[in-house]
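Read the structure below first, then the notes.
All of the numbers you see were taken from the coordinates with simple rules; none came from a lab. None of the values given here were measured: they were computed from a predicted structure. Here the Cβ is made from the backbone with ideal geometry for all residues, glycine too, and neighbour counts use every protein chain on show.
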Amino acid sequence: MEKHYLTGLTIRHVIMSRGRSDRVLKGFKAATRPADSRTPWQWCESHIVVDNTSPMPGRWRSDNSPWVKEPMEVAADSLKNSARNTTSPSRTP
């Protein structure tokens, strides 16, 4: 197997390192992506598909169960607040 004349790495090393850097870049992009500003039930309407065992199969429709909107929003708000509290610098008097 031929080695690169400057680094001494084989083609296999270059390919493997390129795969790692792609994963690192993908992870960095995911970590720095802006937070989704939609409410949880709006996100569900875009991403959740209910299977055929449900009486109302197909895409999630919040209109079918409007009573779940408020608990979903409260849960999301409490998660945001707890994350905000754990990441803020501690203040000592």
Check: Under the Kirkwood approximation applied to all pairs of distinct alpha-carbon atoms, what is the hydrodynamic radius of the stretch 36-88 in Å?
Finding: 12.4
Next item on the list: Return the aspartates and glutamates within reach of Lys29: Cα separation strictly under 13 angstrom, same-chain partners fewer than 8 residues apart disregarded; answer none if there are no such residues.
Entry: none
Next item on the list: Check the straight Cα-Cα distances from Lys26 and name the aspartates and glutamates below 20 Å, setting aside those fewer than 8 residues away within the same chain.
Entry: Asp36
Checklist line | Distance between modelled label sites at Val74 and Asp22, nm, 7 Å Cα→Cβ extension | finding: 4.6
